[in-house]
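These notes are about the structure you will find just below.
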Amino acid sequence: MKRFKDTFFDVVSTRLGFILLLLLGYTLKTIWAYFMAFNLDLASVEHPVQYYLRLIIVIINPIPIGLMLIGLSLYINRKKSFYFIAWLISALLTILLFANIIYYREFADFITFSSAMASRKTSEGLGKTVIDSLQVWDIIYLLDYLILVLLFWKKKITTDSRPFHKRASFAVTSLSALAFSINLFMAELDRPELLTRGFSNTYVVRALGLPTFSIYSTNQAIQAQKERDSASAKDLVPVKEYLATQYAAPNQNYFGIGKGRNVIVLHLESFQQFLIDYKLKIDDKEYEVTPFINSLYHSTETFAFSNFFNQVKAGKTSDAETMMETGLFGLSNGSFMVNYGGENTQFAAPTILAQNGDYTSAVFHGNVGSFWNRNNAYKQWGYNYFFDASYFSKQTASNSFQYGLNDKTMLADSIKYLEHMQQPFYTKFITVTNHYPYNSLAGNSDEQGFPLAQTNDETINGYFATANYLDSSIKALFQYFKDTGIYDNSVIVLYGDHYGISNSRNPELAPLLDKDSETWSQYDNAMLQRVPYMVHVPGMTKGFISDTFGGEIDGLPTLLHVLGIDTANFSQVGQDLLSADNKQIVALRTAGSYITPQYTSYNGRIYDTVSGLEITNPDENTSAKLEEVRAEATLQLKISDEIQTGDLLRFDTDNGLKVVDIKTFSYTQSLDRLKEIEEKRGPKSTSIYSQNGNKTTVDRFNAPSYTALNPKPEENETTSQTSTTEKKD
Ligand code: GP9
Ligand code: MN
């Protein structure tokens with residue numbers, strides 16, 4: 001033992017040994033923070049093996065970057081300078097770690113370049129907040145230094161005056177670079193396209209560690225800032241001119257038909273249009289997948305659209321949200337919400353409605369708030385409240401999966417917040433259960449029973465059952481709205497965000513759609529990009545199924561006109577789908593793709609939209625028309641990109657809207673704030689809770705499970721006390 005001790009002290013008394021000791025301290029502190037201070041969401045995995053991969057990644061990721069940075073000191077010859085720089089770099093890494101820990105306590109997120117800049121601007125009171133949030137256990141982050149000082153003082157460790165060989169220093173740098181590549185490779189295994197799509201700060205920290213995240217996010221911010229700086233107010237002039245030509249005047253038959261009502265948006269995860277009215281055939285039996293949503297689709301209380309296309313790219317859900325909330329496209333690379341959310345000036349639906357009808361707004365979603373950078377993007381959009389996973393039931397194997405809490409639990413848990421919101425409200429429920437890999441109900445036997453499709457692809461097979469679950473969740477929510485009177489005073493919007501079955505799987509899906517896998521074409525892929533869009537106005541009888549061609553970009557102007565808010569002054573690229581002026585040119589984000597009632601261009605091929613026949617040798621006239629459509633579609637995207645990357649809306653000063661000040665928004669202690677407002681308004685409070693005689697309506701929400709709704713015939717015969725109570729569950 002003594003020998004070991006001596007060797008150990010001999011080793012750490014060399015320069016390299018000292019560096020490694022500092023690295024060890026930093027690594028242990030970081031791992032401690034990963035598990036004790038941050039929520040890295042390790043358990044949300046598709047496969048158990050992925051959990052262990054992630055575990056290894058978080059344990060090793062402080063090492064490569066730590067070694068690379070602290071190892072830089074090895075290039076220094078002079079003894080004093082070497083020790084000073086080595087300590088300094090290690091201390092800076094610790095400060096970065098600790099600053100993030102403090103920040104995380106307040107914001108449940110990591111420090112980015114922009115958030116650091118923002119808190120610098122509002123630094124009064126910062127010191128006090130930091131001191132308030134210190135905890136006794138934080139001493140742990142200094143422990144390695146205390147031990148080192150002690151060891152030097154006791155002369156157990158001595159300093160080494162021999163300069164480290166330059167080649168050996170270079171070897172250390174190279175080794176750390178190699179280790180970093182291995183780290184990166186493992187991170188890609190866990191989450192492909194991590195750095196190009198961004199996803200969330202948590203994902204990047206979890207994969208590559210804090211210093212790398214800071215470098216990455218700083219680089220992103222600098223790039224964004226460069227583009228922002230190169231844009232000026234005069235760039236908005238041609239943009240505004242174009243937007244004026246794009247404006248589609250409201251249809252007077254429907255303008256304002258939902259004026260003043262609550263707006264409830266239901267984001268139907270991965271829900272494709274082909275599910276509407278679809279019946280899954282198994283052994284000569286037919287199972288209607290989404291009976292409730294189908295009934296809405298056919299109702300005369302609904303404006304439904306049968307040719308509404310998703311227009312997302314890498315940002316998937318976040319792209320859909322961006323379009324639906326702002327009338328502008330996501331980016332051609334990565335996610336707008338991740339790269340610009342919380343930064344760029346935006347005039348989104350919550351802001352417009354707050355300033356045109358005094359709406360209070362909220363989002364309900366059962367995943368962590370940092371996913372797609374929602375916690376920042378929503379503030380810029382003007383959302384007053386964001387109820388994320390932290391507001392809902394603890395996630396267990398039976399009520400959740402890797403993307404968060406299952407819909408029925410999320411919706412049930414939302415009521416206690418929703419009922420305290422002042423009306424009119426603008427609320428969005430983002431469902432998630434019907435998300436790839438469509439096995440989210442695996443941990444809950446009560447929700448199993450809807451038949452699986454019988455293809456060779458598990459993903460396709462599970463899709464119908466989770467869609468059926470989503471349907472019954474939505475039905476339960478509607479029932480709650482009806483029972484509490486919210487329904488009659490609301491407009492309910494439903495939309496599918498993007499495809500659920502990817503193009504590569506479509507040939508396998510083909511037989512279920514009565515199509516041939518062999519002749520499956522790009523045209524068929526294009527047609528499967530349709531998603532539902534419905535505006536349900538209870539009590540209205542003017543509803544119909546429109547075959548107007550449109551996409552997510554058109555959602556906001558359509559809705560605003562239904563609510564009686566004219567969009568003429570707003571910078572939105574989309575067009576009201578109920579307007580007679582609609583051009584019906586759907587621009588897709590994949591290069592050069594577009595869809596009109598006449599032509600479909602998709603993945604390099606052109607088709608006649610009606611017949612589905614490929615156009616290989618267009619005549620002159622057709623070529624000219626195609627070129628015109630292509631140019632118009634490209635222009636929509638170009639104008640939107642100019643606005644988004646140039647942050648042009650900061651110059652959009654005469655649209656009648658006030659700019660949001662994100663500093664006035666906070667997503668913590670939301671219930672307290674809602675109740676405070678309720679109390680302050682007293683008899684004038686318009687919340688459901690107040691209207692219900694200050695009694696909760698939580699018990700009015702009931703979402704029976706699949707097995708409760710579809711009891712097996714045998715169970716009926718032997719109805720016992722226990723089985724009836726189970727069914728109520
Ligand atoms: C996660 C959810 C899924 O919170 O919205 O996003 P997606 O993977 O569909 O883009
Ligand atoms: Mn999605």
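Quick notes on this structure:
- Qualifying residue in the stretch 590-598 (condition: assigned to a strand (DSSP E or B) and not assigned by TED's automatic domain parsing to the domain that holds ARG261): yes
- Set ASN262, ASN339: member being over 22 Å from TYR426 (Cα atoms) and touching a residue at least 12 places away in the same chain (Cβ under 8 Å): ASN339
- PHE450 fulfils the conditions (1) free of Cβ contacts under 8 Å to residues at least 40 places away in the same chain; (2) crowded, with 18+ Cβ neighbours inside 10 Å; (3) not in a helix (DSSP H, G or I) except for a single criterion, (1).
- Just so you know, in the stretch 402-427 the residues that are within 16 Å of ligand 2 (Cβ to nearest atom) and crowded, with 24+ Cβ neighbours inside 10 Å include one that is farthest from TYR469 (Cα to Cα), and it is GLY404.
- Residues in the stretch 250-269 that are of a type in the set (A, V, I, L, M) and either not in a loop (DSSP other than H, G, I, E, B) or not assigned by TED's automatic domain parsing to the domain that holds PRO557 (or both): VAL263, ILE264, VAL265, LEU266, LEU268.
- Counting residues in the stretch 492-499 that are among the small types (Gly, Ala, Ser) and either in contact with a Lys or Arg (Cβ under 9 Å, 6 or more places away or on another chain) or open to solvent by less than 10 Å² (accessible area, probe 1.4 Å) (or both) gives one or more.
- Screening the candidates LYS583, LYS625, LYS638 for the property of being out of contact with any strand residue (DSSP E or B) (no Cβ under 7 Å at 6 or more places or on another chain) and closer than 22 Å to GLN273 by Cβ yields one hit, LYS583.
So that you can scan it fast, the table gives a plain yes or no per residue for (1) touching a strand residue (DSSP E or B) at 6+ places or on another chain (Cβ under 9 Å); (2) surrounded by fewer than 20 Cβ atoms within 10 Å (Cβ to Cβ); (3) assigned by TED's automatic domain parsing to the domain that holds ASP554:
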position: THR600; (1), (2), (3): yes, no, no
position: VAL610; (1), (2), (3): no, yes, no
position: THR616; (1), (2), (3): yes, yes, no
position: GLU620; (1), (2), (3): no, yes, no
position: THR634; (1), (2), (3): yes, yes, no
position: LYS663; (1), (2), (3): no, yes, yes
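- Search result, residues across the stretch 226-243 that are under 24 Å from LYS583 (Cα atoms) and touching a residue at least 60 places away in the same chain (Cβ under 8 Å): LEU236, VAL239, LYS240, TYR242, LEU243
- Failed item in (1) more than 12 Å from ligand 1 (Cβ to nearest atom); (2) part of a strand (DSSP E or B); (3) of a type in the set (Val, Ile, Thr), with VAL363 passing the rest: (1)
- Of the residues making up the stretch 671-710, those that are aromatic (Phe, Trp, Tyr) and under 25 Å from ASN384 (Cβ atoms) are TYR689, PHE701.
- Filtered by the rule that a residue be in contact with a Leu (Cβ under 8 Å, 6 or more places away or on another chain), more than 16 Å from ligand 1 (Cβ to nearest atom) and within 14 Å of LEU280 (Cα to Cα), the stretch 436-465 gives PRO451, ALA453, THR455, ILE460, ASN461, PHE464, ALA465.
- From the list PHE9, PHE38, the lone residue that is in contact (Cβ under 8 Å) with a residue 24 or more places away in the chain, open to solvent by less than 60 Å² (accessible area, probe 1.4 Å) and outside any helix (DSSP H, G or I) is PHE38.
- As a summary of the residue check, ALA221 satisfies the conditions (1) in contact with an Asp or Glu (Cβ under 9 Å, 6 or more places away or on another chain); (2) crowded, with 21+ Cβ neighbours inside 10 Å; (3) farther than 30 Å from ASP576 by Cα except for the one numbered (2).
- Helices (runs of 4 or more DSSP H) (entirely within the stretch 496-563) containing at least 2 residues that are touching a Pro at 6+ places or on another chain (Cβ under 8 Å) and within 24 Å of SER299 (Cβ to Cβ): none
- Residue ID - nearest to ASN201 (Cα to Cα), chosen from residues in the stretch 286-339 that are within 16 Å of ligand 1 (Cβ to nearest atom) and open to solvent by 30 Å² or more (accessible area, probe 1.4 Å): VAL338
- Test: residue in the stretch 69-77 that is within 14 Å of PHE18 (Cβ to Cβ), open to solvent by 30 Å² or more (accessible area, probe 1.4 Å) and either in contact with a Pro (Cβ under 8 Å, 6 or more places away or on another chain) or in a loop (DSSP other than H, G, I, E, B) (or both): yes
- Looking only at the stretch 638-661, residues that are acidic (Asp, Glu) and surrounded by 15 or more Cβ atoms within 10 Å (Cβ to Cβ) come to 4 in all.
Listed here are the residues, each with its yes/no results for (1) within 28 Å of ILE282 (Cα to Cα); (2) within 16 Å of ligand 2 (Cβ to nearest atom).
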site: ALA467; (1), (2): yes, yes
site: LYS475; (1), (2): yes, no
site: ILE492; (1), (2): no, no
site: ALA510; (1), (2): yes, no
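- Among the residues of the stretch 337-388, those identified as farther than 23 Å from GLN220 by Cα and within 16 Å of ligand 2 (Cβ to nearest atom) are VAL363, PHE364, HIS365, GLY366, ASN367, ASP388.
- Enumeration of residues in the stretch 254-285 that are on the phi > 0 side of the Ramachandran plot and open to solvent by less than 30 Å² (accessible area, probe 1.4 Å): GLY256, SER270
- Residue check, THR433 within 16 Å of ligand 1 (Cβ to nearest atom), within 30 Å of PRO507 (Cβ to Cβ), free of Cβ contacts under 8 Å to residues at least 40 places away in the same chain and surrounded by 24 or more Cβ atoms within 10 Å (Cβ to Cβ): no
- Each residue in the stretch 698-716 was checked for being at pLDDT below 95 and not polar (S, T, N, Q), and 5 of them qualify.
The values are calculated or read from the model by the stated rules, or taken from the named source; none is laboratory data. Everything numeric in this text was worked out from a predicted model, so none of it was measured. Here Cβ is always computed from backbone atoms with ideal geometry, including for glycine, and neighbour counts include all displayed protein chains. With ligands, DNA and RNA removed, areas are computed over all heavy atoms of the protein, side chains included. Shrake-Rupley method; radii C 1.70, N 1.55, O 1.52, S 1.80 Å.
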